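Heads up, the thing below is written out as structure tokens.
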Amino acid sequence: MGLVNRSLVLFLPSVLLFPNTLLGEEMGKKENAYYPFPGWFTSLKVGAESQLDADINDGGEYKRNKIMAQVSESYFWDKNTSASLSLSYEQSDYGFSGGDNGSLAQLNPWNKVNTLTLSTPIRAPLNAEWSAFALPYIRFSGESNTQFEDSITTGIIAAANYHFSDNLSIGTGLAISSQIEESASLFPLLLVNWDINDQLTLNLGSNRGAIQSPGLTVSYKANKKWLYTLGSYYEKSRFRLDKNGDIASGVGEYRAFPLLASATYQLNPGMKFMFVTGVKLGNELTLEDSDGNTLYSESVDPSLTAGISFALRL
């Protein structure tokens with residue numbers, strides 16, 4: 001394997017749980033107009049997701065339940081210029097069952113995976129047409145009884161947007177990240193934020209509604225309270241396994257392409273509830289030894305998923 005894995009993608013993989021300033025969504029929209037600038041803002045987000053049982057290719061099945069939380073402290077000089085410190089936590093609880101001897105499910109390779117991410121998003125205009133964004137981060141991802149230093153990855157996302165008008169911006173950038181027992185990854189980014197009209201918005205590379213990872217979304221604002229979104233994104237998670245497990249200090253990997261529909265209810269300008277449901281396609285589970293050598297790589301049938309989250313900004 002080379003020093004860098006290059007993958008040409010049109011959307012950013014899931015690098016943060018709740019990237020509310022990620023690559024496009026700006027404060028200063030109509031629903032945020034009452035916030036004074038300059039000033040400090042605190043945001044809190046919590047959520048839960050349940051992915052139902054799905055059949056594994058080599059026998060047996062698995063399911064996944066996830067809880068998420070994020071707290072951020074941000075300073076806004078104006079609606080387009082900000083710096084933040086964000087801490088997020090995710091726990092994914094995997095349940096394997098069934099399967100014949102020698103199958104991945106029968107091995108029960110991992111259970112609860114903890115992911116902790118510290119990031120510092122920064123946004124600033126470069127001139128009247130161009131704006132820039134940078135997000136360096138450090139992340140721990142692994143089961144509880146793992147070697148901490150072997151479960152750490154770091155990365156940075158950097159992008160620039162050209163604003164053709166108040167309703168359309170297009171940009172490009174790069175996401176560079178180290179990976180557990182893999183070569184560093186480099187993802188070119190294509191970003192689009194297009195307010196087609198007062199109700200309909202298309203986004204590529206930035207999150208909208210209850211779809212909390214960057215991807216391709218189309219949103220419809222029915223009124224001041226309700227926002228409906230359809231979208232898809234690429235989901236990938238690599239994590240270190242228990243150092244005392246059957247595959248000591250091995251590596252687990254989860255991949256999927258969720259297709260989601262969401263509804264967001266804006267209770268007031270600083271508080272919203274988000275409901276999401278859909279199906280996860282292209283599911284794949286991979287188990288590697290401590291050196292990154294593949295032991296199992298199994299496809300999984302599509303599975304239904306549903307979730308809820310709450311966001312508060314002070």
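Descriptive notes on the structure:
- The set of residues from region 156-169 being surrounded by fewer than 20 Cβ atoms within 10 Å (Cβ to Cβ) and assigned to a strand (DSSP E or B) comprises I156, A158, A160, Y162, H163, L168.
- Of the strands (runs of 3 or more DSSP E) lying entirely inside region 237-314, those containing at least 3 residues that are more than 22 Å from A48 (Cα to Cα) and of a type in the set (S, T, N, Q) are 294-300.
- Exclusive hit being surrounded by fewer than 16 Cβ atoms within 10 Å (Cβ to Cβ) and in contact with a Pro (Cβ under 8 Å, 6 or more places away or on another chain), set L304, L287, L281: L281
- Residue match in region 83-105 (condition: assigned to a helix (DSSP H, G or I), open to solvent by less than 30 Å² (accessible area, probe 1.4 Å), touching a residue at least 60 places away in the same chain (Cβ under 8 Å) and not β-branched (V, I, T)): yes
- Condition met for F37 (buried (at least 19 other Cβ atoms within 10 Å of the Cβ) and aromatic (F, W, Y)): no
- Spans of strands (runs of 3 or more DSSP E) in region 108-151 with at least 1 residues surrounded by fewer than 21 Cβ atoms within 10 Å (Cβ to Cβ) and without any contact (Cβ under 8 Å) to a residue 24 or more places away in the chain: 130-142
- Each residue in region 263-281 was checked for being among the small types (G, A, S) and under 14 Å from K221 (Cα atoms), and 1 of them qualify.
- Per-region count, region 273-314, residues without any contact (Cβ under 8 Å) to a residue 24 or more places away in the chain and of a type in the set (A, V, I, L, M): 0
- Each residue in region 66-80 was checked for being surrounded by fewer than 16 Cβ atoms within 10 Å (Cβ to Cβ) and among the polar types (S, T, N, Q), and 1 of them qualify.
- Counted residues, region 237-275 - those being under 18 Å from the mean Cα position of the chain (by Cα), closer than 28 Å to S297 by Cβ and open to solvent by less than 50 Å² (accessible area, probe 1.4 Å): 9
- S97 more than 30 Å from S299 (Cβ to Cβ) and more than 17 Å from the chain's Cα centre (by Cα): no
The values are calculated or read from the model by the stated rules, or taken from the named source; none is laboratory data. Quantities reported herein were computed from a predicted structural model and do not represent experimental measurements. Every residue, glycine as well, gets a Cβ built from its backbone with ideal geometry; the counts of neighbours run over all protein chains shown. What goes into the accessible areas is simple: the full protein's heavy atoms, side chains included, and nothing from ligands, DNA or RNA. Shrake-Rupley method; radii C 1.70, N 1.55, O 1.52, S 1.80 Å.
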